[in-house]
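One structure is given below, encoded as structure tokens.
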Amino acid sequence: MQVNALQQYIDLYRDNKALIEDNSASLLNSFREDAFSRLSATHLPAKGSEDYELSDLDGMLAPDYGLNLSRLPLGFDPALSFRCDVPNLSTSLFMLLNDSWAETEISRRALPDGVIVCPLRKAAEEYPDLVAKYYGRAADGDNPLVALNTMLVQDGFFMYVPKGMKLEKPVQLVNIFAGGIPMMAVRRMLIVIDDDAEARLLVCDHTQNEEQDFLSLQTIEIFAGERASFDIYDLEESTRRTSRLSTLYLRQAERSNVLVDGITLFNGTTRNEYHCTFDGRHCELRLLGMAIEDEQRHIDNYTMIRHNTPDCHSNELFKYVVDDEAKGAFAGRIYVADGAVKTEAYQSNRNLVGSDKARMMSKPQLEIYNDDVKCSHGSATGQLDPMQLFYMRTRGLSEETARLLLKQAFMADVIEGVRMPMVRDRLRLLVERRLSGEKKLCQDCNEECPAHDTITL
Amino acid sequence: MLKVKDLHAEINGKEILKGINLEVKPGEVHAIMGPNGSGKSTLSMVLAGNPAYTVTGGSAEFNGKDLLEMLPETRSHEGLFLGFQYPVEIPGVSMVNFMRAAINAKRKYMDQPPMSATEFLKLMREKRAIVELDNKLASRSVNEGFSGGEKKRNEIFQMAMLEPKLSILDETDSGLDIDALRIVAEGVNKLKTANNATIVITHYQRLLDYIKPDVIHILYKGRIVRTAGPELALELEERGYDWIKEEVDKQDA
Ligand SMILES: Nc1ncnc2c1ncn2[C@@H]1O[C@H](COP(=O)(O)OP(=O)(O)OP(=O)(O)O)[C@@H](O)[C@H]1O
Ligand SMILES: [Mg+2]
């Protein structure tokens, strides 16, 4: 067993500093030393410690993953074998292959005036002032996962929507894991939706190779300007052998309206963190999460919503279906600052546990430092109702079908929370397929799928 | 059609049915009456295959097949229908999807192709008319937020959709207003043929004014203690159960 999984990355950085920096941008490089010294002075939180109920960070980081530090292009075309699960969406599609930008037809096409969607490295070189204003400003450098990402990251995804721009077409980012050796992808996303702008982003994680180990270490920073409106749907469809460590940081300015939706359909071991902070008054946040876990999959979702300013509303709903020997954890914190009057914060976590060996841990936590608030939280973990099952069976539905319909019904309200109709319809179908035990979700992949014909590596 | 012999069943280790004998032939209507807690719903649950109950003895044959061997869904496919005393609410599952899944499950069992959407909607419309079920209810989640009477109407609607050979209607009349009672009873009569049969569980003569039973059984303490013609219901209406209870309890003592 590895004594300190973190150390191997610290060593890797020290030994390859020049290589890492030569293949990245100077702005990104300027954050590394600070991250390095923070990491050197800390250790990873232990599994089971507060807010890390299921996350064995040491274990997840222990394997000897390869990193593509010299940014070698991968020697194959992911479009050949990629099967998109959210096809027929009329989106502007971009792709990251492991953590490298994959040039696509669309990515060369012009976006509306002033809108930037490009590799983070390129953005840092071409728009240094813009990127410097935001990079590393939302993420907490003391979070070891953020520090690790910052120390190693070389590239990623940058999206900027300028003031007043209403981006009609949703942007879709497909992250593909592929390769013949265990790989670690260090991915950074920086998203800036400026004042009065509007945009939607759909992120899909796919692992192509079922038989290979992968680790994704991702940090997402999102800035929503005043009166901005933004949706992000982050869909994981990886494999048993994929680990995912994701830290999302959101800052919301006055009267912004944001929806964050984390959807886990297939995974191996996942930890998702959602850190959301209101910096202005009258912000709205809808935070949604859904996880379907079976076999021996693990998921640990941590959410933190900081009501620092008055008059903000947050509404959080996380739902899990946990079967077989799978494990799920939910830790949801809401912090309401002194002075954040007229806060409304609602949190709900509902879980269905389908077997004796499946486990679900749920921990809601409210910290409220003023009286003028409306807050509620609820957590319930239960099983399918035997009377409902029996009723359905007396009408001729097989037990399997009855279970499927009940599980789908259970997930209905999180699906309804999706604000993009085509994503909602597609998700309903994907959830149905997932719950009915299908191993691969996409079956009707065809030429209309935007993932086709678009990639020219 | 249905032959029940010396049926014993328990729930949570408590014996509720203590030797039920019952025979129902095609075209017949049977009424089962009896004091509260005597085991009427238990009998219906056991016949429909509720896994919460354990059969500890006896047999039940349905059209020559061993009923007790079958899964609840197979019993349904074979033509058994249970109208629940307390219909179950299923939030998030629409009546339309539920019924379509039910119809197609049966068709699959019968080696028939699934029903087309147009055919299915036409069938829904037709059957809804029989019990005058509001279209709004048919488009909502199963029984969710339905009033007591609407739930009962919905049971008969489902019965009409599934065209069972034997329907067991457990207190379908309770909770219905006078008009609804007539509509539901007329619905049951419309669905009646020479080849199917009905068991109505009820406390009241007024249902039997509409649905004329051929035979009346009285269930008491887990046994059928009396079987007679329709006149028995009238006698009960007048005299209550005490005289029967007394006779039975005397024999037991
Ligand atoms: N889960 C259970 N555990 C123990 N006893 C039960 C359980 N369910 C039902 N019983 C008992 O079984 C007996 C028969 O109940 P059942 O519901 O069959 O009566 P019923 O004849 O339908 O009454 P009613 O006319 O009130 O509907 C009652 O004494 C009831 O308390
Ligand atoms: Mg009863």
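The values are calculated or read from the model by the stated rules, or taken from the named source; none is laboratory data. Because the structure is a prediction, the values reported are computed rather than measured. Don't worry about glycine lacking a Cβ; one is built from the backbone with ideal geometry, like all the others, and counts go over all protein chains shown. Keep in mind that these areas ignore ligands, DNA and RNA; they rest on the heavy atoms of the full protein, side chains included. Shrake-Rupley method; radii C 1.70, N 1.55, O 1.52, S 1.80 Å.
Once the partner protein chains are put back, segment B:89-138 shows a loss of at least 40 square angstrom of accessible area, versus the chain by itself, at B:90, B:93, B:98 (probe 1.4 Å, ligands and nucleic acids excluded). Simple rule: put +1 on each Lys or Arg Cβ and -1 on each Asp or Glu Cβ in segment A:7-456, find the dipole, and look at A:67, A:222, A:128; the Cα lying farthest toward the positive end is A:222. In a reduced charge model with +1 at each Lys and Arg Cβ and -1 at each Asp and Glu Cβ, segment B:104-253 shows a dipole moment near 820 debye about its Cα centre.
Looking at chain A, identify the longest residue range that excludes and avoids all chymotrypsin sites (Phe, Trp or Tyr not before Pro) in DSSP loops having at most 13 other Cβ atoms within 10 Å. Write down the numbers at each step before the final one.
Working: sites that count: A:76, A:369.
In chain A, the maximal stretch lacking such sites is A:77-368.
Segment B:114-156 and segment A:5-19 have their alpha-carbon centroids 66 Å apart.
Projecting the Cα positions of B:225, B:46, A:248 onto the charge dipole of the protein assembly as shown (unit charges on Cβ atoms of Lys, Arg, Asp and Glu, taken about the Cα centre) puts B:225 furthest along the positive direction.
Sorted on the mean count of surrounding Cβ atoms within 10 Å across their residues, most packed first, peptides A:347-358, A:288-299 read A:288-299, A:347-358. Partner shielding of A:381-392 amounts to 5, given as the average count of beta-carbon atoms from other chains within 10 Å of each residue beta-carbon.
The distance separating the Cα centre of segment A:304-357 from that of segment A:186-253 comes to 19 Å.
Across the alpha-carbon atoms of segment B:1-97, the computed radius of gyration and Dmax are 14.1, 41 angstrom. Mind checking segment B:121-229 for chymotrypsin sites (Phe, Trp or Tyr not before Pro) that DSSP puts in a loop (not H, G, I, E or B) and that have at most 10 other Cβ atoms within 10 Å? Listed in order of number, the matching sites amount to none. Residues A:387, B:1, A:392, ordered by accessible area of protein heavy atoms at a 1.4 angstrom probe radius and largest first, appear as A:387, B:1, A:392. For segment B:31-96, the solvent-accessible area with a 1.4 angstrom probe is 34 square angstrom per residue. Each of A:260, A:304, B:251 was scored by the projection of its Cα onto the charge dipole of the protein assembly as shown, and the greatest displacement toward the positive side belongs to B:251; charges sit on the C-beta of Lys, Arg, Asp and Glu. Residues whose amide H lies under 5 Å from that of residue A:273, counting only those 5 or more places away or on a different chain, are A:246, A:247, A:248, A:302; hydrogens are built 1.01 Å from N in the peptide plane. Heavy-atom accessible surface of chain A, averaged per residue, reaches 37 Å², computed with a 1.4 Å probe. Computed over chain B, relative contact order equals 27 percent, with contacts defined as Cα pairs under 8 Å that lie 6+ residues apart.
Each Lys and Arg contributes +1 and each Asp and Glu -1, all at the Cβ; summed about the Cα centre of segment B:167-250, the dipole is approximately 320 debye.
Peptide B:80-86 has a mean shielding of 2, counted as Cβ atoms of other protein chains within 10 Å of each residue's Cβ.
Taking all pairs of distinct Cα atoms, average 1/r, flip it, and tell me the Kirkwood hydrodynamic radius of the protein assembly as shown in Å to one decimal place.
For the protein assembly as shown, the Kirkwood estimate is 28.9 Å.
Within chain B, the whole DSSP H helices whose Cα atoms reach 18 Å or more along their own axis and whose mean Kyte-Doolittle score is at least -0.5 are B:95-109, B:117-130, B:178-191.
In segment B:65-150, Rg over Rh equals 0.98, where Rg is the alpha-carbon radius of gyration and Rh the Kirkwood radius from pairwise Cα distances.
Placing +1 on each Lys and Arg Cβ and -1 on each Asp and Glu Cβ, with no other charges, gives the protein assembly as shown a dipole about its Cα centre of roughly 1240 debye.
How large, in percent, is the carbon and sulfur part of the accessible surface of chain B at a probe radius of 1.4 Å? Numbers along the way, then the final one.
Numbers: 5520 of 11400 Å².
Within chain B, the accessible surface is 48 percent carbon and sulfur.
The trypsin sites (Lys or Arg not before Pro) of segment B:170-215 include none that DSSP puts in a loop with a beta carbon having at most 10 other beta carbons within 10 Å. What is the percent carbon and sulfur in the accessible area of segment A:198-245, measuring with a 1.4 Å probe over the protein chains and ignoring ligands? The nonpolar share, carbon plus sulfur, comes to 33 percent. Calculated on C-alpha atoms, the gyration radius of segment B:2-252 divided by its Kirkwood radius gives an Rg/Rh of 0.96.
Just need the relative contact order of chain A here, percent rounded to a whole number, with Cα pairs under 8 Å and 6+ apart.
On the way: 1120 pairs, mean separation 58.5, N = 457.
Computed value for chain A: 13 percent relative contact order.
When both segment B:1-53 and segment A:121-157 are represented by their alpha-carbon centers, they are found 71 Å apart.
Computed from backbone phi, the HN-Hα couplings of segment A:336-346 come to 10, 6, 4, x, 7, 6, 6, 6, 10, 9, 10 Hz, rounded to whole numbers (Karplus: 6.51 cos²θ - 1.76 cosθ + 1.60, θ = phi - 60°; Gly and Pro given as x). What pairs in A:319/B:152; B:14/B:250; A:327/A:374; A:133/A:169; B:151/B:192; B:14/B:212 have C-alpha atoms more than 30 Å from each other? Those over the limit are A:319/B:152; A:327/A:374; B:14/B:212.
Applying a DSSP loop filter and a limit of 13 other Cβ atoms within 10 Å to the GluC sites (Glu not before Pro) in segment A:185-252 leaves A:210, A:211. Chain B packed on chain A takes about 1800 Å² of accessible surface away from a 1.4 Å probe, both sides summed.
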